[in-house]
1. Starting from residues that are assigned to a loop (DSSP other than H, G, I, E, B) and under 26 Å from the mean Cα position of the chain (by Cα), keep the ones in the stretch 182-191 and report whichever is surrounded by the fewest Cβ atoms within 10 Å (Cβ to Cβ).
2. Residues that are free of Cβ contacts under 8 Å to residues at least 60 places away in the same chain, surrounded by fewer than 17 Cβ atoms within 10 Å (Cβ to Cβ) and among the aromatic types (Phe, Trp, Tyr): find the strands (runs of 3 or more DSSP E) completely inside the stretch 109-181 holding 2 or more of those.
3. What residue, of 140, 155, 148, is over 24 Å from residue 213 (Cα atoms) and either in contact with a Gly (Cβ under 8 Å, 6 or more places away or on another chain) or among the hydrophobic types (A, V, I, L, M, F, W, C) (or both)?
4. If you take the residues in the stretch 192-218 that are acidic (Asp, Glu) and assigned to a loop (DSSP other than H, G, I, E, B), which one is farthest from the chain's Cα centre (by Cα)?
5. Working carefully through the options 132, 142, 174, find the one that is touching a helix residue (DSSP H, G or I) at 6+ places or on another chain (Cβ under 6 Å) and of a type outside the set (Ser, Thr, Tyr).
6. May I ask you to say which residue of 231, 225, 206, 196 is charged (D, E, K, R), without any contact (Cβ under 8 Å) to a residue 12 or more places away in the chain and either out of contact with any Gly (no Cβ under 7 Å at 6 or more places or on another chain) or at negative phi (or both)?
7. Under 6 Å between Cβ atoms, at least 6 apart or on separate chains: pull out the pairs that start in the stretch 75-102 with a residue that is on the phi > 0 side of the Ramachandran plot and end on any residue that is surrounded by 12 or more Cβ atoms within 10 Å (Cβ to Cβ) and not small (Gly, Ala, Ser).
Amino acid sequence: MSSLVSRRSFLTGLSLIGVSTVSACAQFPKQSLSVASPLNPTPLEPTLEKAPIEVAAPETRVSPDYASMYGAVEDGGRALPAIPFSKVDQRFLRQIVDDPTGEKPGTIVVNTTDKHLYLVLKDGKAMRYGVGLGRQGYSWKGRAIVQWKRKWPTWTPPSAMIGRDSKLEKWRQGMPPGISNPLGSRALYIFKDGVDTLYRIHGSPDWKSIGKSASSGCVRMFNQDVMDLYDRVPGKTPLVVI
């Protein structure tokens, strides 16, 4: 009897030593065990406490700050009014998009069908601006360069335009710069092979004309947008009109 007790004590000791050794080396999930009893003759399987599942926060997209982009501007001693951007189709507001042109970074691309102007950026992106087009805006296609740029340019109406509207006669020698000037706050002059194409990218005081076709003019932009483009491109910037 004593030997049987000693053997049981010995096995129990080994069991305790084994549990103690394992628990000191590894950490297991907490368990809840059901013990067999006369009322519950079959022990239940251990149930593991599950760690809480972490749910990632939804991705938030940052909208362009149009209020800042199209706010009133004081420039060159002239006050440009704010653009009521909420009344403009969002397709024609300035925004960074995936580049659809395939042109080299630094190239200006005018899509006369969609009425968009793209400045190609790096990493497959482009800055897209809405434009309005007049007859001259549709009359020329091809590759050229921005020969030079002007802040607050003078506008000189063509003789044919003066012939259609005698009120423009007073501007035959040029209309001074100002917020009512049809060329707006900035103008980019387009040349091909050293020859003036008479093609212009320019601002416009008529914000409602952006995204539309007009009776005259080349490529019109919001004044705030043409100022942004002006600051981004140097002289001799390549241009493609499609």
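1. Looking only at the stretch 182-191, we keep the residues that are assigned to a loop (DSSP other than H, G, I, E, B), and these are 182-185.
Those still in the list that are under 26 Å from the mean Cα position of the chain (by Cα) too: 184-185.
Working: 184: 27, 185: 29.
So the residue we want is 184.
2. Details: elements: 116-120, 125-130, 142-151.
Counting at least 2 such residues, we get no strands (runs of 3 or more DSSP E) at all.
3. Values: 140 fails: over 24 Å from residue 213 (Cα atoms); 155 fails: over 24 Å from residue 213 (Cα atoms).
Testing whether each residue is over 24 Å from residue 213 (Cα atoms) and either in contact with a Gly (Cβ under 8 Å, 6 or more places away or on another chain) or among the hydrophobic types (A, V, I, L, M, F, W, C) (or both) leaves just 148.
4. Here is the first cut: in the stretch 192-218, the ones acidic (Asp, Glu) are 193, 196, 206.
From what's left, assigned to a loop (DSSP other than H, G, I, E, B): 193, 206.
Working: 193: 34, 206: 24 Å.
Here the answer is 193.
5. Working: 142 fails: touching a helix residue (DSSP H, G or I) at 6+ places or on another chain (Cβ under 6 Å); 174 fails: touching a helix residue (DSSP H, G or I) at 6+ places or on another chain (Cβ under 6 Å).
So the residue among 132, 142, 174 that is touching a helix residue (DSSP H, G or I) at 6+ places or on another chain (Cβ under 6 Å) and of a type outside the set (Ser, Thr, Tyr) is 132.
6. Values: 225 fails: without any contact (Cβ under 8 Å) to a residue 12 or more places away in the chain; 206 fails: without any contact (Cβ under 8 Å) to a residue 12 or more places away in the chain; 196 fails: without any contact (Cβ under 8 Å) to a residue 12 or more places away in the chain.
The unique qualifying residue is 231.
7. 76/152
Let's see how each residue does on (1) within 19 Å of residue 239 (Cα to Cα); (2) in contact with a Cys (Cβ under 7 Å, 6 or more places away or on another chain); (3) modelled with pLDDT under 50:
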position	(1), (2), (3)
38	no, no, yes
43	no, no, yes
67	no, no, no
76	no, no, no
85	no, no, no
100	yes, no, no
104	yes, no, no
113	yes, no, no
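The values are calculated or read from the model by the stated rules, or taken from the named source; none is laboratory data. Fair warning: this is a prediction, and the values are worked out from it, not measured in the lab. Counting neighbours? That spans all protein chains shown, and the Cβs are built from the backbone with ideal geometry, glycine included.
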